[in-house]
Amino acid sequence: MKKQYSVSLVVAIVLMWTLPAMSTDIYLPSLPNMAKYFDVTLSEVQLTIFFYTMGFSIGALFFGPISDRIGRRPVVIASMAFSAITSLVACITPNLTVLFIARFLQGVGLVGVASTMRAITKDVSPDAASMAKFGAILGIAVPIASAVAPILGGYIERFFYWRMSFAFLFVYILIFLVYSIKKFPETNHEKLERPFKYLLKDYKEVLFNRTFFSYNLVTAMSLSAMYGYLTVSPKLLQVKYGLSPEAFGYTNLLVTVSLIASSFLNSKLINRFGIDRLLKIGVYIIGFSGMFFVIGGVLPIDSIYLILVPLCIMVFGCGFIFPNASAGGMSLFPKNAGTAGAVYAFIQMLGGSIGSGLISSVSHRFDAQICLGVLLIIQTLIGLYTVSYLIKNKE
């Protein structure tokens with residue numbers, strides 16, 4: 001029987017879940033000026049997102065299995081402490097190379113928080129449907145953080161300096177580190193007794209489960225779309241259309257509204273349609289946004305709405321994918337949630353890294369808007385095949 005936890009713990013889980021989004025989005029408005037500061041191209045500075053997602057992806061493989069065996073609380077505390085240190089290093093970095101390293105290590109630290117929070121949602125949820133509803137709440141919290149972070153970062157860039165964005169992250173993480181030390185409870189009351197020497201076998205059990213991998217792949221495709229957009233958004237909105245850092249930050253409010261709307265709608269439809277059919281709807285919506293991006297890039301019309309409208313459509317589709325795919329995959333391993341969460345985070349962030357890396361490598365040669373649209377269309381085709389397998393397998 002699941003233990004009932006306080007509202008304050010749920011709030012803390014939600015806020016800590018937003019840390020990775022905050023660390024990605026808060027300095028986006030500063031990217032053009034960071035390129036000038038380091039005397040490099042914008043594409044080179046955009047690689048800080050790629051290195052962060054790579055660190056996040058690789059680090060995911062370690063923290064989940066550890067939390068299965070020693071508990072969630074010590075992993076959360078250690079991850080918070082490491083993330084605070086790397087944020088401070090990013091703040092005082094003397095050059096771009098050190099910033100790349102700091103961002104990579106920051107990703108390693110924050111994935112310890114994210115993967116453990118995902119496992120904790122399993123700890124406190126009695127079934128997959130409840131977990132999906134919890135995921136919908138988290139799905140609302142992340143876009144709020146993604147909206148607040150670049151707005152805050154825009155004003156930091158305007159009135160202070162890009163380094164202050166990382167200083168803010170340092171203080172923000174430090175607050176939750178203190179909370180975790182003083183009040184965060186242990187939620188894993190069924191610790192895995194298997195020694196670490198069986199870790200590879202545990203990974204194999206999770207990774208080679210075709211249903212789990214299918215859910216994970218759909219999420220990876222969606223996150224690739226999100227990070228692809230985040231990577232080129234300063235170029236599309238600040239460089240091409242001349243938005244100020246703070247105006248750029250406010251455009252993320254559209255992302256928030258879209259994701260909150262779809263997450264809310266998802267929570268209302270989950271019991272009626274089930275997670276797999278809602279996943280398929282989300283994939284179709286992302287495909288439509290990809291076609292919109294391509295058409296907007298081809299048309300001889302210079303309008304920022306040809307970017308913002310398909311952006312909202314894309315994010316709306318993601319709101320049907322993130323909570324349902326996570327619930328469907330994680331519910332398969334109730335005794336091994338930490339390991340499952342680690343593999344899940346690894347694959348989804350690997351997708352984000354691929355999306356960010358691909359866009360960075362081609363957006364300086366071709367139209368960034370068209371490149372993003374083509375990426376979304378390819379992901380849609382893969383996603384539709386994957387979801388069709390899930391539906392057919394259950395029938």
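Quick notes on this structure:
- Contact order for the chain, expressed relative to its length and based on alpha carbon pairs under 8 Å spaced 6+ residues apart, stands at 28 percent.
- Label of the coordinate-derived value, Kirkwood radius over Cα pairs in Å, listed as [x] 23.1; [y] 20.8; [z] 21.8: [y]
- Dipole in debye (nearest 20) - the chain, about Cα centre, beta carbon charges: Lys, Arg +1; Asp, Glu -1: 920 debye
- Mean Kyte hydropathy of -1.0 or more with a Cα span along the axis of at least 20 Å, helices from DSSP in the chain: 42-70, 72-91, 96-123, 128-159, 163-183, 210-233, 245-273, 275-298, 305-330, 337-362, 368-394
- Net charge dipole, segment 272-395: roughly 440 debye, given to the nearest 20, about the Cα centre with Cβ charges of +1 for Lys and Arg and -1 for Asp and Glu.
- Of interest is the spacing of the C-alpha centroids, which for segment 48-113 and segment 314-385 amounts to 20 Å.
- Length gained on full extension, ILE101 to LEU200: 32.9 nm, using 0.36 nm per residue less the C-alpha separation.
- Taking 0.36 nm per residue of separation and subtracting the current Cα-Cα distance, fully stretching the chain between ILE181 and SER361 would add 60.6 nm.
We did not get these values from a lab; they are worked out from the coordinates using the rules stated. None of the values given here were measured: they were computed from a predicted structure. Glycine gets a Cβ as well: all are built from the backbone with ideal geometry, and neighbour counts include every protein chain shown.
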